[in-house]
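What follows is a short report on a single structure.
The values are calculated or read from the model by the stated rules, or taken from the named source; none is laboratory data. No experiment lies behind these values; they were computed from the predicted model shown. Positions of Cβ are generated from backbone atoms using ideal geometry, with glycine treated the same way; all protein chains shown enter the neighbour counts. Each accessible area value is taken on the protein alone, full model and side chains, heavy atoms only, with ligands, DNA and RNA left out. Shrake-Rupley method; radii C 1.70, N 1.55, O 1.52, S 1.80 Å.
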Number of protein chains: 4
Amino acid sequence: MMIVMKEGATEDQIAHVVERVEEIGCTAHISKGEILTLIGAIGAPDKVAELGLEGAPGVDHLTPISKPYKLASRQVKEDRDSVLEIGGRKVGGTNFALMAGPCTVENRDQMLASADAVAEAGATMLRGGAYKPRTSPYSFQGLGREGLRLLAESKERTGLPIVTELLDVKDLDDVLEVADVIQIGARNMQNYSLLAEVGKSGRPTLLKRGLSATVEELLMASEYILKEGNENVMLCERGIRTYETAYRFTLDLLAVPALKELTHLPVIVDPSHAPGRRDWVEAMSLAAVAAGADGIIIEVHNEPEKAICDAAQQVPTSEFQALTSKIEAVADIVGKTVSRA
Amino acid sequence: MMIVMKEGATEDQIAHVVERVEEIGCTAHISKGEILTLIGAIGAPDKVAELGLEGAPGVDHLTPISKPYKLASRQVKEDRDSVLEIGGRKVGGTNFALMAGPCTVENRDQMLASADAVAEAGATMLRGGAYKPRTSPYSFQGLGREGLRLLAESKERTGLPIVTELLDVKDLDDVLEVADVIQIGARNMQNYSLLAEVGKSGRPTLLKRGLSATVEELLMASEYILKEGNENVMLCERGIRTYETAYRFTLDLLAVPALKELTHLPVIVDPSHAPGRRDWVEAMSLAAVAAGADGIIIEVHNEPEKAICDAAQQVPTSEFQALTSKIEAVADIVGKTVSRA
Amino acid sequence: MMIVMKEGATEDQIAHVVERVEEIGCTAHISKGEILTLIGAIGAPDKVAELGLEGAPGVDHLTPISKPYKLASRQVKEDRDSVLEIGGRKVGGTNFALMAGPCTVENRDQMLASADAVAEAGATMLRGGAYKPRTSPYSFQGLGREGLRLLAESKERTGLPIVTELLDVKDLDDVLEVADVIQIGARNMQNYSLLAEVGKSGRPTLLKRGLSATVEELLMASEYILKEGNENVMLCERGIRTYETAYRFTLDLLAVPALKELTHLPVIVDPSHAPGRRDWVEAMSLAAVAAGADGIIIEVHNEPEKAICDAAQQVPTSEFQALTSKIEAVADIVGKTVSRA
Amino acid sequence: MMIVMKEGATEDQIAHVVERVEEIGCTAHISKGEILTLIGAIGAPDKVAELGLEGAPGVDHLTPISKPYKLASRQVKEDRDSVLEIGGRKVGGTNFALMAGPCTVENRDQMLASADAVAEAGATMLRGGAYKPRTSPYSFQGLGREGLRLLAESKERTGLPIVTELLDVKDLDDVLEVADVIQIGARNMQNYSLLAEVGKSGRPTLLKRGLSATVEELLMASEYILKEGNENVMLCERGIRTYETAYRFTLDLLAVPALKELTHLPVIVDPSHAPGRRDWVEAMSLAAVAAGADGIIIEVHNEPEKAICDAAQQVPTSEFQALTSKIEAVADIVGKTVSRA
């Protein structure tokens, strides 16, 4: 941590800061410039941050120097990409994960028809939500265990690994019975007790970026899972909240190269939620691949017009095969291949 | 819900929308203008939203007409403010709640000294955190049950009602033993299972606005608590995330009059977290009162420099009495009185 | 414009709104639902907006129904893309414009070397700044007329059309002597007198989106140019301001399909300014092409390390040929071809 | 400027950075920690920023240490507030400027009636717009010179100094004939040629913060005026753009204490534009005073319902006297007095 003193900070003020830094067992390294004095506090940046020196006399501001995350950082893996192995499919490195399926498991016919189409088009995994986080308590909240059962049937039928969301610790055991990948939604990115439990389970996890989370906060949230010994974490950009109202969220594709530089974990993009409209999903899917994502998780439905939830943004299964071909073509240009069993 | 058709939408496209609206039991009311056709879908706006008509042929966009929240809306109370009664103190209407105390319960000396000062200055309630949500898994996470015990002792000593945060359903029973008000933090505003459990407990709840939650989403989150039969909800503006980096968050005081118009629930402001520096807290405290808030929840500490957590933003108890006097003076101008037993 | 009345609005309040709408020559169309009354104000939405009915008794809110822009709207061209012709190159439709060159014209050697490399790689146009908008009055503000002269020499040498920024009406005549495309920067998107003058000049114009402009405001700004009879307008997404600090701006690629649906004008993307770092520019360039942009405007420099301005984000000309090949490959997948003379 | 090297940066990479820093005449100060190496570049931070070292091998990121503004900084005035003298009224220090008047000069009756009411209530200055920046080219753009003439008449009648907006350099001479304070609107905050001309005129200037400008960018914009020798600058917070749609802009009152700490210039708040509705303007006016602003600029109108522009947000002159009394009462609590001749 670097402490920048104000112009004209007195010797006493400097000495006071040094004393407080040393009290917590850090080393203070003073650097006097013509105008400003800097104090480098070496060791335990968390503790220095908690000293609250922003308010202290003579202090202008503090600047963190080192990164606050550890296990997620690229240095930990000596600058190599992590490659996860999920139900026989690789994710990361040159292996592109194409995850697809309906937003919500609605009924047997819908789920199986969608699953079949997803499998036929050659996707890597099948997604579907049994538990749905809803802004309104009056909206449909998902089929729950019945939804999980239909996912299990779809898995058996297609052989595809299953991605499904977990909302509440109390449902963890049920979800673990069917999920190859546990999805943590944007609203729960900082639900730390949920993250810790998922970490303990060891199951591969897709962690979605919160609606207004920074790239660094996303990495810090992944750290809650990683520190429990679960290394199978994928990060997911799904659109952030901005002032723009022409779409639901602003898909932040620049987060892809930024994350790839900072972390060894695979970076996935959800191209469906930000547009909120299916006719813009293809553009965002291809853009995500071109931006260097390690996978996308896309909503497809056998009859989107009849979908219970997020109907507008689900791509019809009838168009999914053609989209897959374009995705493969763009992936090829950036050196990736859609991962299959 | 109003469905706005595109210029040049065909009769078939219009008929198709009408059909889908009627399929879910709503009435479609067609209004043809010179250029555009509007279709008003009357009844069950949630269901209409879920039809996904944004993607349908000929549809330009959808506009919600009625408010999605019900129990929180001002109309429910015939345009009157709710006045809560908490440990013998009123909150709402002309009763201003001055809640103060340390960010975190750290140890017995610190907690009791801070509690005494808060009581002496004439605050309405005492706050203190036993469970702390932290961005980093490596930071101090609070004293837990030992912290709750110290809050109980402080309550017995001062007679002040206690406000403390709940992070996890598994700690609910412990928290209920001491908390007069359960605080739900910004990161948990959309942790729906937590909201439902707090709703069932019936205990007065302070619900903080999420970092990027709209005013409407805050009201929808309160609806999760209200619908369980718990009417004792206070809403809390605590700063939103914007592009500005000169402070931690942008305190959105315009949310105060906006919320007061939309809901009967009391509106509280947290003036400490957004600045993140104690020398700007007084300005924001007074501004919150002047903006018409029904209370503030402010961090004070007997020795801020030694605080474990958020040290920079805690006001010294030695200055709290003087601040309280100014708060009372401004409250008087806007027709409110600090609430006491 | 749709005026939504509050629940329980009285007959008098409704009548008052109708009266005011009719006073300005519009027709009021009343629609009473079970709970709410809607008043459609038909004709002159601008005038209705200016009535200030948001504050009127009984009014809940106003919702615009029709689009405020006219000449920019896709309907004007019967849903066809405009194809501009600039110095013998087509832009729009299936014609992809690859615009490249240094951020700033620095000196003859740099400009000519960069221009040669850009021409050799097969770009569509050459960019370079003679007038630079700078946050600090103490920074280099561009070579001015000498810069324009070097652009003219580069044009003669390579045959490439020139894109260069205009900051001030007083420099218009000088810029018109060399520019095939006048660039209006993000900070000037709402400099209405500048827009009007550029409109009158008739010269093709690249209008950059303001740092916090909505898609609709960008279209409204283009309307200031179009209404002067200048139809040769290209819109340019260049990154918007959000809370994320890991990069300079958040490149909003979802604006590409959104704009393509709303307007007939070509949509260009600047992949250089948002990252602010050259190692993320390739990812954003390819993503822009995949998202359906009609062109990109990218900063390249013969010796980026020695660049005077925005050195970090300029791609070395030595890597530009390889990037161009990838751009062409992605363009092919989405049905576009790099436009050349 | 502090250059933070990556973990594992090599000696060669460090030497290369040092060399480039020294090439531009700065001194490099190397500080090796256990994990990271820091290079302090002393002298000419602008030039160091322009080296583009963000992209250089081994560099993690750059952190500015000193402030980029000079004349606006509080240090320049040895930590004292500037007190401006405008038409016999003081602004700054303990002198609170109450500026009021209609959004737009519409006609003689409206302007004179509003001016009389503003004068009678005891305001410090009279505001009114003759040139209006409008999002739509089809909206009313102001009365222009006729508007200036009516302002001159109002000034003669009431004795109040006039605040009016300048949009275009070509109108500067006309505006200088009547304006005691030239207002630069939010959209023009970075219109650098306009700022420079206003700077040269020497006339007191009210500089509004751009819709998405940071506090630091606002100070940098003021620097363009100050460096021309014009020290009579007031800064104005008027609401920033955020994701919240319940109001037009988010009034950022935390900018008030933040600016007061950074600069000696007076800080004014516009409480009218952010709400966009008159019933929330009183709350924001009082909050601005309580937050420590040196003045507010508020829109009042003799018949708001008939206003041509921004009708919804103008406070009726009939209520302005009562509001003024409350403003004075709050000002008194924070140690300020409304400034009068």
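Summary of values
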| quantity | calculated |
| --- | --- |
| Eligible lysines near A:K260 by straight Cα distance, threshold 19 Å, same-chain separation 8 or greater | A:K67, A:K70, A:K77, A:K90, A:K208, A:K336, D:K6 |
| Under 14 Å from the A:H61 label point (7 Å along Cα→beta-carbon), backbone N, the range C:225-252 | C:245-246 |
| HN-Hα J in Hz across the range B:299-313 - Karplus 6.51, -1.76, 1.60, θ = phi - 60°, x for Gly and Pro | 8, 10, 8, 5, 9, x, 4, 9, 4, 6, 9, 6, 4, 5, 9 |
| Probe 1.4 Å, all protein chains present, accessible-area order of A:H273, C:H61, largest first | C:H61, A:H273 |
| Dipole of chain A [Lys/Arg +1, Asp/Glu -1 at C-beta], most positive-end residue of A:T337, A:L151, A:A287 | A:L151 |
| Centroid-to-centroid separation of the range B:7-46 and the range B:118-182 [C-alpha atoms, Å] | 53 Å |
| Label spacing, shortest first and in nm, from D:A44 to its equivalents in the remaining copies (7 angstrom along Cα→Cβ) | 4.2, 6.1, 7.2 |
| Long-range amide H partners of A:L211 with built H, under 5 Å | none |
| Spacing of the two label points (7 Å from each Cα toward its C-beta) at D:A113 and A:R145, in nm | 7.2 nm |
| Reach of A:K170 by Cα under 16 Å, taken over lysines that are not fewer than 8 positions away in the same chain | A:K132, A:K200, B:K170 |
| Residues of the range C:316-341 buried by at least 40 Å² on assembly (accessible area, 1.4 Å probe, chain alone as reference) | C:I333 |
| For a label point 7 Å along the Cα-to-beta-carbon line of B:E261, residues of the range B:63-107 with backbone N under 15 Å | B:67, B:74-75 |
| Relative contact order (%) - chain A, alpha-carbon pairs under 8 angstrom, separation at least six | 17 percent |
| Antiparallel %, DSSP beta bridges [both residues in the protein assembly as shown], to 5 | 40 percent |
| A:E85, B:E106, reordered so the largest accessible area comes first (probe 1.4 Å) | A:E85, B:E106 |
| Helix C:192-201 vs. chain C, principal-axis angle (Cα, 0 to 90°, nearest 10) | 60 degrees |
| Förster radius 41 Å - calculated FRET efficiency between B:K227 and B:R340 (Cβ-Cβ, nearest 0.05) | 0.80 |
| Shielding of B:59-65 by partner chains, average beta-carbon count, 10 Å | 4 |
| Carbon and sulfur %, accessible surface of chain D computed with the full protein complex present, 1.4 Å | 47 percent |
| Rounded accessible area of D:C26 (nearest 10 Å², 1.4 Å probe) | 10 Å² |
| Distances in nm from A:P57 to the matching label points in the other copies, shortest first (labels 7 Å along Cα to Cβ) | 4.9, 5.9, 7.7 |
| Around C:E19: net Lys/Arg minus Asp/Glu count, Cβ-Cβ under 12 Å | -3 |
| Estimated FRET transfer efficiency (A:T27, A:K200; beta-carbon r; R0 45 Å; 0.05) | 0.80 |
| Aspartates and glutamates with Cα under 16 Å of B:K326, excluding same-chain neighbours fewer than 8 positions away | B:E120, B:D279, B:E282, B:D294, D:E328, D:D332 |
| Residues whose placed amide H lies under 5 Å from that of D:V300, excluding near-sequence neighbours | D:G101, D:C103, D:V315 |
| Other protein chain Cβ atoms within 10 Å, averaged over every residue that makes up D:40-51 | 4 |
| Solvent-accessible area lost in complex, 20 Å² minimum, residues of the range B:159-206 relative to chain alone, 1.4 Å | B:D168, B:R187, B:Q190, B:N191, B:Y192, B:S193 |
| HN-Hα J in Hz across the range D:54-60 - Karplus 6.51, -1.76, 1.60, θ = phi - 60°, x for Gly and Pro | 3, x, 6, x, x, 8, 8 |
| Solvent-accessible surface (1.4 angstrom probe) belonging to C:K70, in square angstrom, nearest 10 | 110 Å² |
| Chain B Cβ-axis minimum, rotational copy A, residue and distance in Å | B:S212, 2 |
| Ascending list, in nanometres, of distances separating the D:F140 label from those of the other copies (7 Å, Cα toward Cβ) | 4.9, 5.0, 6.0 |
| DSSP-defined beta bridges in chain D - what % are antiparallel, rounded to 5 | 40 percent |
| Average other protein chain Cβ within 10 Å of Cβ, residues B:234-243 | 5 |
| Accessible area buried at the A-C interface, both sides summed, 1.4 Å probe (Å², nearest 100) | 2900 Å² |
| Mean Cα-pair separation over length for the range D:1-107, i.e. relative contact order, pairs under 8 Å, 6 or more apart, % | 27 percent |
| Accessible area per residue in Å² at 1.4 Å probe, computed on the range C:216-341 | 25 Å² |
| Under Karplus coefficients 6.51, -1.76 and 1.60, residue-wise ³J(HN,Hα) of the range B:99-114 in Hz, glycine/proline x | 9, 8, x, x, 3, 10, 6, 10, 6, 4, 4, 4, 5, 6, 5, 5 |
| Simple Cβ-charge dipole of the range D:2-64, Lys/Arg +1 and Asp/Glu -1, about Cα centre, in debye nearest 20 | 100 debye |
| Under 13 Å, Cβ to Cβ, from D:T324 - net charge with Lys/Arg +1 and Asp/Glu -1 | -3 |
| Cα centroid of the range D:281-302 to Cα centroid of the range B:286-341, whole Å | 22 Å |
| Under 13 Å, Cβ to Cβ, from D:G40 - net charge with Lys/Arg +1 and Asp/Glu -1 | 0 |
| Over chain C: helical MRE at 222 nm, DSSP H runs n ≥ 4 each giving -39500 (n - 2.57), nearest 500 | -9500 deg cm²/dmol |
| The range C:207-284: relative contact order as a whole-number percent, Cα under 8 Å and 6+ apart | 28 percent |
| Two-site label geometry, D:A44 and A:A329: point separation in nm, points 7 Å out along Cα→Cβ | 5.1 nm |
| Other-chain or far-sequence residues with amide H under 5 Å of B:K6's (modelled H) | B:V59, B:D60 |
